[in-house]
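Just so it is clear, none of the values below were taken in a lab; they were calculated from the coordinates. As the structure is a computational prediction, the values presented were derived from the model and not from experiment. A quick note on method: Cβ atoms are made from the backbone with ideal geometry, for glycine too, and the neighbour counts reach across all protein chains shown.
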Amino acid sequence: MDSRQAIRTSIGTADTVSKTYLEDLTDEEMMKRPDPGCNHLKWQVGHLISSDHGMISGCLPGALPDLPDGFVEAYSKERAASDSPADFHSKEELMATWETQRAAILEALAGMTDEDFDRPAPESMQSYAANVGAVFSMIGSHWLMHTGQWVVLRRQLGRDILI
């Protein structure tokens with residue numbers, strides 16, 4: 001297994017876990033917060049999509065399709081406190097945007113070389129990813145960090161244990 005395959009496997013695992021936890025949740029349920037100090041799941045999913053886009057676009061400008069108009073702003077830290085469903089995309093729109101972005105990320109990943117991975121990450125990412133390979137590696141890890149909160153909400157909703 002080479003580095004691209006390892007990163008692809010990591011992203012695939014995170015996607016499987018994430019989709020499994022979100023699959024049976026409604027738009028309304030995704031607006032719930034696992035705890036008053038946590039962000040609701042719609043904001044979290046939008047934040048993850050926006051973060052993926054920002055990280056990969058920062059390393060490979062133009063490699064990903066644009067996000068929908070207003071998407072980045074909708075999932076900014078400033079909007080995290082909103083509990084208004086009108087401020088966020090539907091689950092269907094979020095999932096479609098995720099799929100489009102993920103396909104482009106995996107296509108970009110497939111074209112990377114070990115030398116590409118060794119290039120320094122942009123300065124704004126240096127605190128958490130020293131090089132481009134570390135940025136790609138963050139994609140799956142970041143999603144899994146958030147899914148821990150989703151499990152809590154699923155338990156509160158009385159959903160089955162899935163994983």
*Where the only charges are on Cβ atoms (+1 Lys, Arg; -1 Asp, Glu), what is the dipole of region 15-55 about its Cα centre, to the nearest 20 debye?*
160 debye
*Any idea which of Ala110, Pro122, Ile139 is furthest toward the positive side of the dipole for region 3-156, if Lys and Arg beta-carbons carry +1 and Asp and Glu beta-carbons -1?*
Ile139
_Calculated FRET value between Arg119 and Asp83, using beta carbons and R₀ = 30 Å, to 0.05_ = 0.15
*Under 16 Å from Lys77, Cα to Cα: aspartates and glutamates that are on another chain or at least 8 residues apart*: Asp52, Asp87
_Given the -39500 (n - 2.57) contribution per DSSP H run of 4+ residues, what per-residue ellipticity at 222 nm results for the chain, rounded to the nearest 500 deg cm²/dmol?_
-19000 deg cm²/dmol
*At 7 Å along the Cα-to-beta-carbon direction for both Ile161 and Leu106, put a label point, then send me their distance in nm to one decimal.*
3.0 nm
*Give me the distance between the Cα centres of region 5-47 and region 69-106, rounded to whole Å.*
12 Å
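Could you give the C-alpha radius of gyration of region 6-163 expressed as a fraction of 2.2 N^0.38 Å, taking N as the number of residues it contains?
Normalised by 2.2 N^0.38 Å, the Cα Rg of region 6-163 equals 1.04.
By average Cβ neighbour count within 10 Å, what is the ranking of 48-54, 26-32, 83-89, 38-44 from highest down?
38-44, 48-54, 26-32, 83-89
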*Considering amide H positions built from the backbone, and no H for Pro or chain starts, which residues 5 or more places from Asn131, or on another chain, come under 5 Å of its amide H?*
Ala121
*Cα to Cα, under 13 Å, and not fewer than 8 places away if on the same chain: which aspartates and glutamates meet these conditions relative to Lys91?*
Glu23, Asp24, Asp27, Glu28, Glu29, Glu99
*Taking the chain as a Gaussian network, where each spring joins two C-alpha atoms under 10 Å apart, which residue of Asp116, Asp35, Asp69 fluctuates the most?*
Asp69
